[in-house]
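A short worksheet on the structure shown next.
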(Lines give C-alpha, C1' and ligand atoms only; values in the text may rest on other atoms or scores of the structure.)
Protein backbone atom coordinates (compact mmCIF):
# COMPACT_ATOMS: atom_id res chain seq x y z
CA UNK A 1 0.00 0.00 0.00
CA UNK A 2 1.43 3.32 -0.96
CA UNK A 3 0.33 6.68 0.31
CA UNK A 4 -0.96 9.56 -1.69
CA UNK A 5 1.61 12.24 -1.02
CA UNK A 6 -0.85 15.13 -1.21
CA UNK A 7 -1.23 16.39 2.34
CA UNK A 8 -4.77 16.90 3.58
CA UNK A 9 -3.66 19.49 6.09
CA UNK A 10 -1.85 20.06 9.31
CA UNK A 11 -3.80 19.36 12.45
CA UNK A 12 -4.69 22.75 13.88
CA UNK A 13 -7.64 22.87 16.30
CA UNK A 14 -8.20 26.55 15.51
CA UNK A 15 -8.77 25.63 11.86
CA UNK A 16 -11.87 23.60 12.81
CA UNK A 17 -13.92 25.93 14.99
CA UNK A 18 -17.16 23.97 15.10
CA UNK A 19 -18.32 20.86 16.81
CA UNK A 20 -21.20 18.58 15.93
CA UNK A 21 -23.99 17.02 18.02
CA UNK A 22 -22.96 13.97 20.03
CA UNK A 23 -25.41 11.39 21.44
CA UNK A 24 -24.55 10.33 24.96
CA UNK A 25 -25.51 6.70 24.46
CA UNK A 26 -24.07 4.14 22.05
CA UNK A 27 -25.99 3.09 18.95
CA UNK A 28 -27.40 -0.41 19.26
CA UNK A 29 -27.29 -2.76 16.31
CA UNK A 30 -30.63 -4.20 17.44
CA UNK A 31 -33.97 -2.53 18.20
CA UNK A 32 -33.53 1.17 19.15
CA UNK A 33 -34.70 2.49 22.49
CA UNK A 34 -37.04 5.54 22.32
CA UNK A 35 -35.46 6.85 25.54
CA UNK A 36 -32.15 7.35 23.75
CA UNK A 37 -33.32 9.95 21.26
CA UNK A 38 -31.73 12.99 22.90
CA UNK A 39 -28.51 14.90 22.44
CA UNK A 40 -26.22 15.18 25.41
CA UNK A 41 -23.34 17.38 24.25
CA UNK A 42 -21.31 18.46 21.24
CA UNK A 43 -18.29 16.62 19.89
CA UNK A 44 -15.43 18.16 17.95
CA UNK A 45 -14.12 15.17 15.99
CA UNK A 46 -10.83 16.97 15.34
CA UNK A 47 -10.16 17.30 19.06
CA UNK A 48 -11.18 13.67 19.55
CA UNK A 49 -8.65 12.21 17.07
CA UNK A 50 -5.82 14.77 17.36
CA UNK A 51 -4.03 14.56 20.71
CA UNK A 52 -0.88 16.50 19.75
CA UNK A 53 -1.74 19.13 17.10
CA UNK A 54 1.84 20.31 16.54
CA UNK A 55 2.99 16.81 15.54
CA UNK A 56 -0.10 15.48 13.76
CA UNK A 57 -0.93 15.40 10.07
CA UNK A 58 -3.45 13.70 7.78
CA UNK A 59 -2.72 11.62 4.67
CA UNK A 60 -4.80 9.43 2.35
CA UNK A 61 -4.07 5.73 1.99
CA UNK A 62 -3.86 4.13 -1.42
CA UNK A 63 -4.07 0.42 -2.23
CA UNK A 64 -5.19 -2.68 -0.33
CA UNK A 65 -2.13 -3.95 1.55
CA UNK A 66 -3.51 -2.92 4.97
CA UNK A 67 -7.11 -4.04 4.47
CA UNK A 68 -6.81 -6.58 7.34
CA UNK A 69 -6.26 -3.69 9.75
CA UNK A 70 -9.30 -1.80 8.46
CA UNK A 71 -7.32 0.60 6.24
CA UNK A 72 -9.01 0.83 2.84
CA UNK A 73 -8.08 2.59 -0.38
CA UNK A 74 -8.90 6.30 0.01
CA UNK A 75 -9.09 6.26 3.82
CA UNK A 76 -7.92 9.27 5.77
CA UNK A 77 -5.12 8.40 8.20
CA UNK A 78 -4.36 10.49 11.28
CA UNK A 79 -0.60 10.28 11.89
CA UNK A 80 1.30 11.45 14.98
CA UNK A 81 5.03 12.15 14.46
CA UNK A 82 5.71 12.42 18.20
CA UNK A 83 4.94 8.76 18.96
CA UNK A 84 7.67 6.12 18.94
CA UNK A 85 7.61 3.57 16.12
CA UNK A 86 7.41 0.48 18.32
CA UNK A 87 6.94 -3.10 17.09
CA UNK A 88 3.25 -3.80 16.59
CA UNK A 89 2.34 -0.22 15.65
CA UNK A 90 1.15 0.82 12.21
CA UNK A 91 3.52 3.45 10.86
CA UNK A 92 3.99 5.73 7.88
CA UNK A 93 7.55 5.21 6.67
CA UNK A 94 9.66 6.18 3.69
CA UNK A 95 11.58 3.12 2.46
CA UNK A 96 14.18 3.87 -0.21
CA UNK A 97 12.37 7.16 -0.83
CA UNK A 98 8.86 5.72 -1.23
CA UNK A 99 6.15 6.34 1.37
CA UNK A 100 4.20 3.36 2.64
CA UNK A 101 2.02 2.40 5.59
CA UNK A 102 2.70 -0.94 7.29
CA UNK A 103 2.92 -2.60 10.69
CA UNK A 104 6.41 -2.55 12.21
CA UNK A 105 7.65 -5.95 13.40
CA UNK A 106 10.82 -7.29 14.98
CA UNK A 107 12.10 -10.80 14.49
CA UNK A 108 15.17 -11.23 16.67
CA UNK A 109 17.28 -8.14 16.06
CA UNK A 110 15.85 -7.44 12.60
CA UNK A 111 13.06 -5.01 11.73
CA UNK A 112 10.41 -5.74 9.11
CA UNK A 113 7.30 -4.11 7.71
CA UNK A 114 4.23 -6.33 7.49
CA UNK A 115 1.17 -5.76 5.36
CA UNK A 116 -2.11 -7.02 6.82
CA UNK A 117 -3.11 -8.45 3.43
CA UNK A 118 -1.49 -11.90 3.05
CA UNK A 119 -0.96 -11.25 -0.68
CA UNK A 120 1.94 -8.93 0.21
CA UNK A 121 5.37 -10.15 1.43
CA UNK A 122 7.28 -9.03 4.51
CA UNK A 123 9.59 -6.10 3.79
CA UNK A 124 12.99 -6.37 5.52
CA UNK A 125 14.43 -3.00 6.56
CA UNK A 126 18.02 -4.15 6.89
CA UNK A 127 20.25 -2.49 4.29
CA UNK A 128 17.55 -0.04 3.19
CA UNK A 129 17.20 3.67 3.73
CA UNK A 130 14.16 4.12 5.99
CA UNK A 131 12.70 7.16 7.74
CA UNK A 132 9.64 6.94 9.98
CA UNK A 133 7.12 9.71 9.32
CA UNK A 134 4.85 8.84 12.25
CA UNK A 135 2.46 6.41 13.88
CA UNK A 136 -1.09 5.99 12.57
CA UNK A 137 -3.50 6.71 15.43
CA UNK A 138 -6.88 6.76 13.66
CA UNK A 139 -8.42 5.73 10.36
CA UNK A 140 -11.49 7.39 8.88
CA UNK A 141 -13.26 5.78 5.96
CA UNK A 142 -16.54 6.03 4.15
CA UNK A 143 -18.92 3.11 4.02
CA UNK A 144 -19.79 1.52 0.68
CA UNK A 145 -22.41 3.59 -1.09
CA UNK A 146 -21.67 6.74 0.92
CA UNK A 147 -20.84 9.85 -1.10
CA UNK A 148 -17.12 10.63 -1.21
CA UNK A 149 -15.78 14.12 -0.47
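Select from the range 69-113 the residues that are in contact with a helix residue (DSSP H, G or I) (Cβ under 6 Å, 6 or more places away or on another chain) and touching a residue at least 60 places away in the same chain (Cβ under 8 Å) and list them in ascending order.
Scanning the range 69-113 gives a single hit, 78.
Is the range 12-20 home to any residue that is assigned to a strand (DSSP E or B), more than 21 Å from residue 129 (Cα to Cα) and at pLDDT below 95? Before the answer, list the steps.
Kept after step one, since they are assigned to a strand (DSSP E or B), are these residues of the range 12-20: 20.
When the remaining residues are screened for being more than 21 Å from residue 129 (Cα to Cα), the result is 20.
Among the residues that remain, those that are also at pLDDT below 95 are: 20.
The answer is yes, given that some residue of the range 12-20 is assigned to a strand (DSSP E or B), more than 21 Å from residue 129 (Cα to Cα) and at pLDDT below 95.
Quick test of your reading of the structure: residue 44 fulfils all but one of (1) at pLDDT below 90; (2) loosely packed, with under 15 Cβ neighbours inside 10 Å. Name the failing condition by number.
(2)
Could you tell me which numbered condition residue 59 fails, if it satisfies all but one of (1) under 21 Å from residue 45 (Cα atoms); (2) free of Cβ contacts under 8 Å to residues at least 12 places away in the same chain?
Looking at each condition in turn, residue 59 falls short on (2).
With respect to residue 90, determine if the residue is touching a strand residue (DSSP E or B) at 6+ places or on another chain (Cβ under 8 Å) and surrounded by 11 or more Cβ atoms within 10 Å (Cβ to Cβ).
Numbers: touching a strand residue (DSSP E or B) at 6+ places or on another chain (Cβ under 8 Å): yes; surrounded by 11 or more Cβ atoms within 10 Å (Cβ to Cβ): yes.
When the stated conditions are applied, residue 90 passes them.
Here are some residues: 44, 84, 80. Which one is under 12 Å from residue 135 (Cα atoms) and out of contact with any strand residue (DSSP E or B) (no Cβ under 6 Å at 6 or more places or on another chain)? Show your work before the answer.
Numbers: 44 fails: under 12 Å from residue 135 (Cα atoms); 80 fails: out of contact with any strand residue (DSSP E or B) (no Cβ under 6 Å at 6 or more places or on another chain).
Being under 12 Å from residue 135 (Cα atoms) and out of contact with any strand residue (DSSP E or B) (no Cβ under 6 Å at 6 or more places or on another chain) holds for just one of 44, 84, 80, which is 84.
Quick one: count up the residues across the range 131-149 that are without any contact (Cβ under 8 Å) to a residue 60 or more places away in the chain and surrounded by fewer than 17 Cβ atoms within 10 Å (Cβ to Cβ).
Qualifying residue count, the range 131-149: 8.
Looking at (1) farther than 15 Å from residue 140 by Cα; (2) crowded, with 16+ Cβ neighbours inside 10 Å; (3) modelled with pLDDT of 55 or more, which is the one condition that is false for residue 1?
Residue 1 satisfies all of (1) farther than 15 Å from residue 140 by Cα; (2) crowded, with 16+ Cβ neighbours inside 10 Å; (3) modelled with pLDDT of 55 or more except (3).
Go over the candidates 119, 115 one by one and state the one that is modelled with pLDDT of 95 or more and surrounded by 13 or more Cβ atoms within 10 Å (Cβ to Cβ). Even if it seems obvious, please write down each step before you answer.
Values: 119 fails: surrounded by 13 or more Cβ atoms within 10 Å (Cβ to Cβ).
Only one candidate qualifies: 115.
The values are calculated or read from the model by the stated rules, or taken from the named source; none is laboratory data. Nothing here was measured: the structure is a model prediction, and the numbers come from that model. Note that each Cβ is placed from the backbone with ideal geometry, even for glycine, and that neighbours are counted across all protein chains shown.
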